[in-house]
Amino acid sequence: MSRAVVIGAGLGGVMAAAALSPAVDEVVVLDRDELPDGPEHRRGLPQGRHAHLLMPGGLDAMEELIPKAGVRERLLAAGAHEISLSSGMLALTPEGWFHRWRHDSHHMITSSRALLDWAVRTAVVECTGNVEIRTVQALGLTGDAGRVHGVRTGSPEQQEVLDADLVVDASGRGSRIVTWLTDLGITGIEETRVDAGLVNATRVYRTPPGAEDFPLTMVQADPYLGRPGRSALIVPIEDGRWMVSLGGTRGGEPPADPDGFLRYTLDLPHPIVGRLISGAEPLTDIFVSHSTSNSRRHLERVRDWPDGLVVLGDALATLNPAYGQGMAVAALGAQVLGRHLAQAHPGTPGLSRKVQRGAAAVVETAWSIAVSQDSMYPEVRGGRRRAVDRVAGRYTRRLTKAATGSYVAASALWDVTGLRAGPARLLRPSTVLAAIGGPSLPPLSEPPLTPRERELLDALDTTSAGEALGR
């Protein structure tokens with residue numbers, strides 16, 4: 001009987017299990033945490049209490065991996081929200097406010113991470129029929145530098161070996177894969193780390209009456225000012241709640257006290273987030289996280305990669321969560337695995353290396369987006385911009401300026417940042433012409449609110465910010 005073992009039952013792990021399911025008789029997913037039976041927070045997810053966005057490319061990959069599950073429908077039925085980037089979002093970028101468009105396009109899913117993980121995990125187990133999740137610690141790999149044969153589990157005092165045709169490490173940011181590879185005789189793993197010192201602070205509020213359909217609202221950090229980046233985001237989540245996440249790079253960290261939290265939002269380039277939450281009812285304390293650096297293990301560069309082993313998700317690369325791409329990258333990596341397994345048996349020589357290279361290609365787009373921005377903030381650690389990065393950055397900035405008032409430019413940006421397309425999408429003739437031509441609509445000095453939304457904002461505002469803006 002053929003068997004695959006996945007280490008880690010987070011989103012990346014269960015997506016890998018979905019990819020493996022059609023190719024083997026049995027998929028065993030290992031996780032050291034006792035997993036909740038419902039959408040509840042669990043240990044092992046350092047960013048679990050902060051805002052998460054499931055980008056369009058990630059949702060597409062999930063739908064392909066478990067077509068019978070109806071992932072989108074499950075998430076919406078559980079209370080998640082579907083947001084159109086073109087019409088359902090207020091976004092203040094470093095180049096100004098984005099116009100909103102009548103096009104209903106580029107949809108992403110918002111919910112708590114707890115709900116998303118639970119809904120997707122349940123869908124995978126129910127719709128595959130051969131995926132089992134076990135609560136047990138993975139201690140290391142069995143095999144040698146040529147082939148991995150399984151996983152050692154249990155405790156150092158009492159170990160068991162679980163044999164496998166293919167092992168997938170999706171154990172997240174804290175993966176011990178480098179140590180495990182060293183134990184097999186594989187050394188010299190190259191690692192890159194870029195750390196802007198981002199701190200996230202998040203609080204959940206009850207959605208104010210009448211604001212149930214208010215657009216997702218974000219004030220983005222500006223990397224071009226030579227000052228710490230500061231941002232804020234209001235995301236609608238399940239059960240009639242708003243999740244409000246603040247972010248600040250080294251030197252501009254958000255505070256963890258309620259008064260400071262509100263002041264931080266009001267001191268941003270536009271106070272809209274603070275105005276919206278000033279009178280809202282808080283439902284939680286403020287949760288703070290520092291686990292935000294970009295870290296990448298260049299496993300695709302290992303000269304002789306062992307058969308029978310694949311590393312995916314945060315175990316391969318962790319991304320600054322400010323860009324909302326980690327979940328999509330995990331799903332797309334699993335999609336790469338699934339497509340290779342559709343062509344070859346899990347034990348086929350060379351298969352693991354091909355998957356590892358494909359997964360690295362998936363990481364590259366998201367990595368470039370995150371690192372190109374983070375490397376511009378003061379006191380960044382590990383970031384160094386090359387000449388090609390500066391040229392690409394100037395073009396991207398010009399395209400973003402055009403996208404504030406050009407749907408052609410905005411659509412191209414959303415395709416890439418939403419991980420539906422690679423960077424080549426930005427070089428299509430129509431996109432280049434849009435970048436050269438600039439925004440076709442005039443710049444906005446205020447967020448593009450409908451009359452009803454503006455009335456609601458004024459009604460919710462209990463600060464002096466509204467008066468200062470002439471409201």
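Candidates in region 401-430 are the residues that are of a type outside the set (Gly, Ala, Ser) and more than 25 Å from the chain's Cα centre (by Cα); of these, the one that is surrounded by the most Cβ atoms within 10 Å (Cβ to Cβ) is 428. Filtered by the rule that a residue be outside any strand (DSSP E or B), hydroxyl-bearing (Ser, Thr, Tyr) and under 20 Å from residue 94 (Cα atoms), region 196-224 gives a lone residue, 224.
Within region 69-81, does at least one residue satisfy the condition of being of a type in the set (A, V, I, L, M), assigned to a loop (DSSP other than H, G, I, E, B) and touching a Cys at 6+ places or on another chain (Cβ under 9 Å)? Looking for residues that are of a type in the set (A, V, I, L, M), assigned to a loop (DSSP other than H, G, I, E, B) and touching a Cys at 6+ places or on another chain (Cβ under 9 Å), one finds at least one in region 69-81, hence yes. Looking only at region 116-170, count how many residues are assigned to a loop (DSSP other than H, G, I, E, B) and of a type outside the set (S, T, N, Q). The number of residues fulfilling the criteria is 10. Considering region 214-226, the residues that are modelled with pLDDT of 95 or more and out of contact with any Lys or Arg (no Cβ under 9 Å at 6 or more places or on another chain) include one that is farthest from residue 50 (Cα to Cα), namely 214. Within region 254-264, at least one residue is crowded, with 21+ Cβ neighbours inside 10 Å, out of contact with any Ser or Thr (no Cβ under 8 Å at 6 or more places or on another chain) and part of a loop (DSSP other than H, G, I, E, B).
The residues on offer are 278, 293, and the sole one that is in contact with a Ser or Thr (Cβ under 8 Å, 6 or more places away or on another chain), modelled with pLDDT of 95 or more and of a type in the set (S, T, N, Q) is 278. Yes or no: residue 302 over 23 Å from the mean Cα position of the chain (by Cα) and touching a residue at least 60 places away in the same chain (Cβ under 8 Å)? Spelling it out, residue 302 is indeed over 23 Å from the mean Cα position of the chain (by Cα) and touching a residue at least 60 places away in the same chain (Cβ under 8 Å).
How many of the residues making up region 176-190 are under 25 Å from the mean Cα position of the chain (by Cα) and within 16 Å of residue 6 (Cα to Cα)? Count: 2.
I'd like the residue in region 29-60 that is charged (D, E, K, R) and outside any loop (DSSP other than H, G, I, E, B) and, out of all such residues, is surrounded by the most Cβ atoms within 10 Å (Cβ to Cβ). Of everything passing the filter in region 29-60, 31 is surrounded by the most Cβ atoms within 10 Å (Cβ to Cβ).
Which of the residues spanning region 307-331 are of a type outside the set (Ser, Thr, Tyr) and surrounded by fewer than 22 Cβ atoms within 10 Å (Cβ to Cβ)? 307, the sole residue that qualifies.
Residues in region 82-106 that are assigned to a loop (DSSP other than H, G, I, E, B) and touching a Leu at 6+ places or on another chain (Cβ under 6 Å): 99, 106. For region 431-448, the set of residues classified as in contact with a helix residue (DSSP H, G or I) (Cβ under 6 Å, 6 or more places away or on another chain) and in a helix (DSSP H, G or I) consists of 431, 434, 435, listed by residue number.
Taking the criterion of being in contact with a helix residue (DSSP H, G or I) (Cβ under 7 Å, 6 or more places away or on another chain) and either not in a strand (DSSP E or B) or not β-branched (Val, Ile, Thr) (or both), the residues of region 232-241 that qualify are 232, 238. Per this entry, residue 404 is counted among residues that are farther than 22 Å from residue 64 by Cα and touching a residue at least 60 places away in the same chain (Cβ under 8 Å). Every test in (1) assigned to a loop (DSSP other than H, G, I, E, B); (2) in contact with a strand residue (DSSP E or B) (Cβ under 6 Å, 6 or more places away or on another chain); (3) surrounded by fewer than 21 Cβ atoms within 10 Å (Cβ to Cβ) is passed by residue 185 save one, and that test is (2). Of the residues contained in region 273-291, one or more are found to be in contact (Cβ under 8 Å) with a residue 12 or more places away in the chain, more than 22 Å from residue 187 (Cα to Cα) and of a type in the set (Asp, Glu).
Taking region 61-92 as the range and being farther than 18 Å from residue 116 by Cβ and surrounded by fewer than 19 Cβ atoms within 10 Å (Cβ to Cβ) as the test, the residues that pass are 67, 68, 84, 87, 89.
Look at (1) within 23 Å of residue 249 (Cβ to Cβ); (2) at pLDDT 90 or above; (3) among the charged types (D, E, K, R) and you find that residue 353 fails only one, number (1). Among residues of region 151-169 being polar (S, T, N, Q) and loosely packed, with under 14 Cβ neighbours inside 10 Å, the one that is modelled with the lowest pLDDT is 155. Out of 383, 393, 358, one residue alone is more than 26 Å from residue 271 (Cα to Cα), touching a Ser or Thr at 6+ places or on another chain (Cβ under 8 Å) and part of a helix (DSSP H, G or I). It is 393.
So which of 140, 79 ends up being farther than 24 Å from residue 404 by Cα and either of a type in the set (Phe, Trp, Tyr) or in contact (Cβ under 8 Å) with a residue 60 or more places away in the chain (or both)? Step by step, each of 140, 79 is checked, and only 79 is farther than 24 Å from residue 404 by Cα and either of a type in the set (Phe, Trp, Tyr) or in contact (Cβ under 8 Å) with a residue 60 or more places away in the chain (or both).
Looking at 227, 193, 173, just one residue is assigned to a loop (DSSP other than H, G, I, E, B), under 20 Å from the mean Cα position of the chain (by Cα), surrounded by fewer than 21 Cβ atoms within 10 Å (Cβ to Cβ) and of a type in the set (D, E, K, R), and that residue is 173.
The values are calculated or read from the model by the stated rules, or taken from the named source; none is laboratory data. Note that the structure is a prediction, hence the values are computed from the model and not measured. Glycine also receives a Cβ, built like all others from the backbone with ideal geometry; neighbour counts cover every protein chain displayed.
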